[in-house]
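Readers should treat all values here as calculations from the given coordinates under stated rules, not as data from a laboratory. Being a predicted model, the structure only gives us computed values, none of them experimental. Cβ placement follows ideal geometry from the backbone for every residue including glycine, while neighbour counts extend to all protein chains displayed.
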Amino acid sequence: MKVTRRKFMQISGASAAGLAVSGLGFDLSPVRSHAQMLKTKHAKETTTICCYCAVGCGAIVQTDMKGDGRVINIEGDPDHVINRGSLCSKGAALFQLGENENRLLEPMYRAPKAKKWKQVSWDWALTQIAKRVKKTRDATFARKNDKGQVVNRTTGIVSVGSAALDNEECWIYQALMRALGLVYIEHQARI
C-alpha cells in the first residue's frame with residue numbers, strides 16, 4: 001500500500017479520533033486482540049541471526065504453516081543477548097531478502113565477451129567453480145619454497161570470508177581454505 005502525505009494525515013486523524021472516542025466508554029479490546037492475532041495466528045516461529053554485519057543480532061522469522069511456508073513477518077528477538085529485540089534499518093529490512101521479486105533464485109552465467117547473462121543449473125555452476133578452483137590450485141601450487149622447505153601452498157587463490165559467519169562457521173571455512181593450501185585468508189567483519 002502506497003501511503004502519500006495526504007493519506008498519512010487522514011490515517012493519523014482517524015487514529016486520533018478513534019483514541020478520543022475510545023475514552024467515551026467503548027470497549028475496543030475484542031477488536032484489538034483480533035487485530036493482533038490475524039497476521040501470525042497460523043505462523044511457525046524460527047529464530048535466526050541477521051546476515052548483514054558481524055554483530056549477530058537475533059531475529060524471529062514467522063512463516064506461514066498453512067500455505068507454502070513463505071515468510072510472513074520478521075522482527076527482532078527480545079530474548080537475544082545482543083540486540084534484545086531491536087534491529088537496525090538493515091535488520092528491519094530482512095523481509096526483503098526472501099520476499100523480493102527481483103531476487104535471483106538460479107545462478108546466472110555470462111561467458112567471456114558475451115553481452116548477456118544466461119540462467120544455468122546449480123549443478124553446472126558448482127561444477128564449473130570446482131573445476132576452476134582445481135585448475136588454479138594445480139597451476140599455482142608450490143610444494144617447496146626457494147630455500148627447499150616444504151610449504152604446500154598456493155598463492156593463486158585468495159579467500160575473503162563473510163561477516164555473517166559465527167566463530168564455528170569461520171573455523172570450518174578457514175580449515176577448508178587451509179586444506180586447499182591457501183595462504184591469503186581474510187575475514188571481512190566490519191565491526
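Taking the highest mean first, how do the peptides 110-123, 171-184 order by number of other beta carbon atoms within 10 angstrom per residue?
Numbers: 110-123: 9.0, 171-184: 13.9.
Put in order of decreasing packing, that is 171-184, 110-123.
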Open item on the list: Under the rule of at least 5 residues apart or a separate chain, name every residue whose amide H is placed under 5 Å from the amide H of G181.
Closed with: none
Open item on the list: Under 5 Å between amide hydrogens, which residues at least 5 positions from N73 or on another chain qualify, with H placed 1.01 Å from N in the peptide plane?
Closed with: Q62
Task: Under 12 Å from the C170 label point (7 Å along Cα→beta-carbon), backbone N, segment 48-68 - done: 54-56
Task: Listed peptides 128-138, 50-60, 142-152 by packing density, highest first (mean Cβ within 10 Å) - done: 50-60, 128-138, 142-152
Open item on the list: Need the full-extension length gain, R110 to A163, defined as separation in residues times 0.36 nm minus the C-alpha distance. One decimal, nm.
Closed with: 16.4 nm
Open item on the list: Could you derive backbone 3J(HN,Hα) for segment 103-114 from the dihedral phi with the Karplus parameters 6.51, -1.76 and 1.60 (θ = phi - 60°), listing whole Hz in sequence and x where the residue is Gly or Pro?
Closed with: 6, 6, 10, 10, x, 10, 9, 10, 5, x, 6, 7
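Among DSSP beta bridges lying fully in the chain, give the percent that are antiparallel, nearest 5.
Values: 17 of 21 bridges.
Close to 80 percent.
What FRET efficiency comes out for A92 versus D146 if R0 is 45 angstrom and r is the Cβ-Cβ distance? Round to the nearest 0.05.
Working: r = 54 Å, r/R0 = 1.20.
Efficiency for this residue pair is about 0.25.
Once every DSSP H run of n ≥ 4 in the chain is given -39500 (n - 2.57) and the sum is divided by its residues, what mean residue ellipticity at 222 nm do you get, rounded to the nearest 500 deg cm²/dmol?
Details: 6 runs with 69 residues, N = 191.
For the chain, the value works out to -11000 deg cm²/dmol.
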Open item on the list: Among (i) 0.98; (ii) 1.16; (iii) 1.07, only one was calculated for this model; which label is it, if the read-out is Rg/Rh (Cα atoms, Kirkwood Rh)?
Closed with: (ii)
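Using a Förster distance of 45 Å, how high is the FRET efficiency between A139 and T46, based on the Cβ-Cβ distance and rounded to 0.05? Let's see the in-between values first.
Values: r = 44 Å, r/R0 = 0.97.
About 0.55, to the nearest 0.05.
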Task: Neighbourhood charge, 14 Å Cβ-Cβ cut-off, centred on H80 and excluding it, Lys, Arg +1 and Asp, Glu -1 - done: -4
Task: Amide H contacts under 5 Å for V151, placed H, 5+ residues apart - done: K144, N145
Open item on the list: Net charge around N152, counting only other residues with Cβ within less than 9 Å of its Cβ (Lys, Arg = +1; Asp, Glu = -1)?
Closed with: +3
